[in-house]
Every structure is written in structure tokens, then in C-alpha cells.
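Structure first, then comments.
The values are calculated or read from the model by the stated rules, or taken from the named source; none is laboratory data. Being a predicted model, the structure only gives us computed values, none of them experimental. So basically every Cβ, Gly included, is an ideal-geometry build from the backbone, and we count neighbours across all protein chains shown.
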Amino acid sequence: MGSGGFRVGAGAKPKSAEQSFLHGKRASRRAKGSRNDAKGSPNAASRPVVALDVPASLTDDQRAVWLDLAPHAQRAGTLTAQTAASFARLCAAVVRLRRWQQLIEKDGETYLKVTIDGAGQEQTEIKAHPLITRSQVLEKDIRSWSKDYAINPFGKPLVTDPAPPRDPFDEFDEPPDTLQ
């Protein structure tokens, strides 16, 4: 199975213009006026950011999370009208995780489980709070979703405004009208 896909940062890393030209790749000749220039790039920073309205179905806490995280996702170009419902679920998950963490803080991380065995003896056992495991799983999911929306750092710089690569061999190229 391959490991590529539509995840941020997936796939082969681009070669420099010099490497592409020396290796004979067609992309190296597209330096000027091609679909890879800043105007046509899906990652272009000049792309207008369209502010989305907060969905009316969100609670006040979820709305606060949306207003906190949405500007980052919109700047990254990952929050669009098509992904708004999924982003709302991310906001709900963040609120749920905060609520669970408050409960764990209030109740304590452990509790005593008391059972009576067959001989009538009382047995006590220290147990972890039942929400600890669930909150750890939810926190992992939130980190993953945050990467999907490019609002959680993951150690790789995002190219937002790629400058067209400079062809190092331009000085040796002849203008097209002088070729016979």
C-alpha cells in the first residue's frame, strides 16, 4: 500500500529548479507564466480569505472555539464552505474534551472501588477515573483533526506563496522568435 494521499505534507518533496532541469523534468520549463505560478497555486497567500459565518447550531462554548480556531484554518485555506460541518464537529470535540478534563480535575484521577467477595470480605481497589482513557483518545483525534485543518504545528513549513523558480540556464536560452 502507498502512503500518499490528500494529507497536508504528503507525497514526494519537490526538487529545486536546478535539479529538475538537470534531471530532464518537464516541470523545470514551466517557471514563467505556467499554472504553477503564484496566481494559480492553490496555496497562494494572495487568495482571498472568505470569512464563514459561525453555524447557528453551535453552543456558546463551541462558538468560542470556532472563533478562536477558524481564522487560522481560513488563512491556511482548509476551512471552506464544504469543510465547515466537519470543522464544527472539531469544535464540539474540543468543548467535550475540556468538559471531561474539568470533571477529572474535580473528581480526582482515581477512586476506590469497593467490592464484597464470596466470603463477605470487603475488597478495595484503586481505579483510574473512567474518563481518562476516553479523553486521551479524544485528544489524539483532536490533534489529528487539527492537522487536517493546518492549525496544529507538525514540524514542516507550509509553503503558502511559492515564488516561481528561477531557471539557472535562462541566460543560455535563445528567445523563441530567433530560432529557425
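Table for the structure above
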item	result
Count of segment 126-155 residues which are touching a Lys or Arg at 6+ places or on another chain (Cβ under 9 Å) and assigned to a strand (DSSP E or B)	2
In segment 77-89, residue surrounded by the most Cβ atoms within 10 Å (Cβ to Cβ) [restricted to those that are over 10 Å from residue 149 (Cα atoms) and aliphatic (A, V, I, L, M)]	88
Checking residue 94 against (1) modelled with pLDDT of 85 or more; (2) surrounded by fewer than 14 Cβ atoms within 10 Å (Cβ to Cβ), the condition it does not meet	(2)
Test: residue in segment 113-124 that is at pLDDT below 90 and basic (Lys, Arg)	yes
